[in-house]
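Below you'll find the structure, written out as structure tokens, and then a few comments.
The values are calculated or read from the model by the stated rules, or taken from the named source; none is laboratory data. Not measured: the values here are computed from a predicted model. With ideal geometry, Cβ positions are generated from the backbone for all residues, glycine too; neighbour counts draw on all protein chains shown. Note: areas computed on protein heavy atoms with side chains; ligands, DNA, RNA excluded. Shrake-Rupley method; radii C 1.70, N 1.55, O 1.52, S 1.80 Å.
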Amino acid sequence: MTLRWEAFLARVQERGEYETRQEAERAARVVLALLGAHLVGEERAELAARLPETFALILLNPLQAAEPLTAERFVKATAAWIEGATEETAKWDVGAVLSVAEDAAGEGLMQRILLQLPPGYDLLFGHPPPT
């Protein structure tokens, strides 16, 4: 089921403890653009289909990545794209957005997404590492 724009942003705002909807939207745009650069094929298309249209387009037309980013470098890249962000605040932004994206994805798709990404992304999505 596709999340509506307001519901998606409300969840990001709540999880990120942002004061305004605009802060939540800024984080969502940056994080999903970076994520889209690292997902390909069916998994990216399926996740996009479960997001509000604007965020789906961001995911499907991502920032360009020269190489896959480790989870740590993903957070650093997020900090670089959000004005005034630090690595700590970027980690918070990433967690807020990716946890809502995970809810939209569901367990099966989420497992396939994590297989595409370098080790450590499970923690960014709020998953403990596999045992």
Report task. May I ask you to list the residues in segment 121-131 that are hydrophobic (A, V, I, L, M, F, W, C) and part of a helix (DSSP H, G or I)? Result -> Leu123, Leu124
Requested in this report: Tally the residues that are open to solvent by less than 30 Å² (accessible area, probe 1.4 Å), within 20 Å of Gln22 (Cβ to Cβ) and under 14 Å from the mean Cα position of the chain (by Cα), restricting the search to segment 83-131.
Outcome: 10
Report summary line: The residue that is farthest from Gly108 (Cα to Cα), considering only those in segment 1-26 that are crowded, with 19+ Cβ neighbours inside 10 Å and either over 15 Å from the mean Cα position of the chain (by Cα) or of a type in the set (A, V, I, L, M) (or both), is Tyr18
Requested in this report: Sort out which residues of segment 27-49 are over 15 Å from Leu117 (Cα atoms) and surrounded by 18 or more Cβ atoms within 10 Å (Cβ to Cβ), and write them in order of number.
Outcome: Ala27, Ala28, Val30, Ala48
**Report entry** Checking Ala45 against (1) part of a helix (DSSP H, G or I); (2) free of Cβ contacts under 8 Å to residues at least 12 places away in the same chain, the condition it does not meet
**Finding:** (2)
Requested in this report: Give segment 58-82 a look and list any residue that's within 13 Å of the chain's Cα centre (by Cα) and of a type outside the set (A, V, I, L, M), or say none.
Outcome: Pro62, Phe74, Thr78
Query raised in the report: Do you know which of the residues in segment 50-64 that are within 18 Å of Thr78 (Cβ to Cβ) and not in a loop (DSSP other than H, G, I, E, B) is most open to solvent (accessible area, probe 1.4 Å)?
Result: Ile58
